[in-house]
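J.: Right, I'll just put the structure down here and ask away after.
The values are calculated or read from the model by the stated rules, or taken from the named source; none is laboratory data. Source: prediction; values computed, not measured. Neighbour counts run over all protein chains shown; Cβ positions are idealised from the backbone, glycine included.
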Amino acid sequence: MSTPALRVVHEPGPGPDLVAAEAAAADLLTALGIPLDSESLRGTPGRMARAYAELFTPRPFDLTTFPNDEGYDELVLARGIPVRSVCEHHLLPFVGVAHVGYLPGDRILGLSKLARIVEHFACRPQVQERLTKQVADWLEEQLEPRGVGVVIEAEHSCMTLRGVQAVGSSTVTSTLLGTLREDARSRQEFFALTGING
């Protein structure tokens, strides 16, 4: 009999204080020399507060796993999972895609959960390197697979819109665990299926 194992992914804590966030946003814009007395800008501090609250609030979900009754032992890979997060150094967005794969052990995962896990860890101020490792470590801990691979490709607004203004540049990070790290053929298969030359 196939009984799913449910683990709720949720980090309890105080919710956002939108009133305080709106006041702080108004203070920031005013301090930057942006007047808020026009009709189009009057509501901007509230919109800013709500937008950042949405970006930083992950949706809770249940991690559903199932027994690997058939003994499937090949790579399971979800490619092109959308990633949106906010750089913790400048609070500017970075967007891209994640490729997340694992070599099953005793249990397999509901496929939509791979995207949910990426979304969960992306919903906070982040650096791409940490985000990549958090997704991989969490899958290894919760699923106990034989191997895990995560690759994230993203464009960072803090690089393209300011500073060096390197328009069109992207950053690629990867974390490989277990067999995908230790076995060269498995590692090469993972990178080939993601479209990355490993």
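J.: Kindly list the number of the only condition in (1) of a type in the set (Gly, Ala, Ser); (2) closer than 28 Å to GLY168 by Cβ; (3) surrounded by fewer than 19 Cβ atoms within 10 Å (Cβ to Cβ) that fails for SER112.
T.: (2) is the only condition that SER112 fails.
J.: Then there is this: Determine whether LEU143 is modelled with pLDDT under 95 and not β-branched (Val, Ile, Thr). I'd like the intermediate steps shown before the answer.
T.: Details: modelled with pLDDT under 95: yes; not β-branched (Val, Ile, Thr): yes.
Criteria met by LEU143.
J.: Then there's this: Quick check: anything in the stretch 80-89 charged (D, E, K, R), at pLDDT 95 or above and under 12 Å from the mean Cα position of the chain (by Cα)? Lay out the reasoning, then the answer.
T.: Going through the stretch 80-89, the residues charged (D, E, K, R) turn out to be 84, 88.
Next, from what is left, pick out any that are at pLDDT 95 or above: 84.
After this cut, where a residue has to be under 12 Å from the mean Cα position of the chain (by Cα) as well, the list is 84.
Yes, the stretch 80-89 has at least one match.
J.: Looking only at residues in the stretch 147-165 that are outside any helix (DSSP H, G or I) and in contact with a Phe, Trp or Tyr (Cβ under 8 Å, 6 or more places away or on another chain), which one is surrounded by the most Cβ atoms within 10 Å (Cβ to Cβ)?
T.: Quick first cut of the stretch 147-165, residues outside any helix (DSSP H, G or I) only: 147-156, 161-165.
Among the residues that remain, those that are also in contact with a Phe, Trp or Tyr (Cβ under 8 Å, 6 or more places away or on another chain) are: 147-149, 151, 154-156.
On the way: GLY147: 24, VAL148: 25, GLY149: 30, VAL151: 24, ALA154: 22, GLU155: 16, HIS156: 23.
The residue in question is GLY149.
J.: How many residues are under 18 Å from ARG146 (Cβ atoms) and at pLDDT below 95 if we restrict to the stretch 166-182?
T.: The total comes to 0.
J.: Mind checking which residues of the stretch 166-187 are surrounded by fewer than 19 Cβ atoms within 10 Å (Cβ to Cβ) and either of a type in the set (Lys, Arg) or assigned to a strand (DSSP E or B) (or both)?
T.: Those that are surrounded by fewer than 19 Cβ atoms within 10 Å (Cβ to Cβ) and either of a type in the set (Lys, Arg) or assigned to a strand (DSSP E or B) (or both): THR171, VAL172, THR173, ARG181, ARG185, ARG187.
J.: Which residue, of GLY96, GLY105, GLY110, is touching a residue at least 40 places away in the same chain (Cβ under 8 Å), closer than 17 Å to LEU131 by Cβ and either in contact with a helix residue (DSSP H, G or I) (Cβ under 8 Å, 6 or more places away or on another chain) or of a type outside the set (A, V, I, L, M) (or both)?
T.: Working: GLY105 fails: closer than 17 Å to LEU131 by Cβ; GLY110 fails: closer than 17 Å to LEU131 by Cβ.
Answer to the check: GLY96.
J.: Another question, then. So which residues in the stretch 56-88 are in contact with a Cys (Cβ under 7 Å, 6 or more places away or on another chain) and either surrounded by 13 or more Cβ atoms within 10 Å (Cβ to Cβ) or among the aliphatic types (A, V, I, L, M) (or both)?
T.: The first filter runs over the stretch 56-88 and keeps only residues in contact with a Cys (Cβ under 7 Å, 6 or more places away or on another chain), leaving 56-58, 87.
Passing the criteria: PHE56, PRO58, CYS87.
J.: Looking at (1) in contact (Cβ under 8 Å) with a residue 24 or more places away in the chain; (2) in contact with a Ser or Thr (Cβ under 9 Å, 6 or more places away or on another chain), can you tell me which one LEU29 breaks?
T.: It fails just one condition, (1).
J.: Quickly run through the stretch 120-146 and pick out the residues that are surrounded by 19 or more Cβ atoms within 10 Å (Cβ to Cβ) and in a helix (DSSP H, G or I).
T.: Scanning the stretch 120-146 gives HIS120, PHE121, ALA122, GLN128, LEU131, THR132, GLN134, VAL135, ALA136, LEU139, LEU143.
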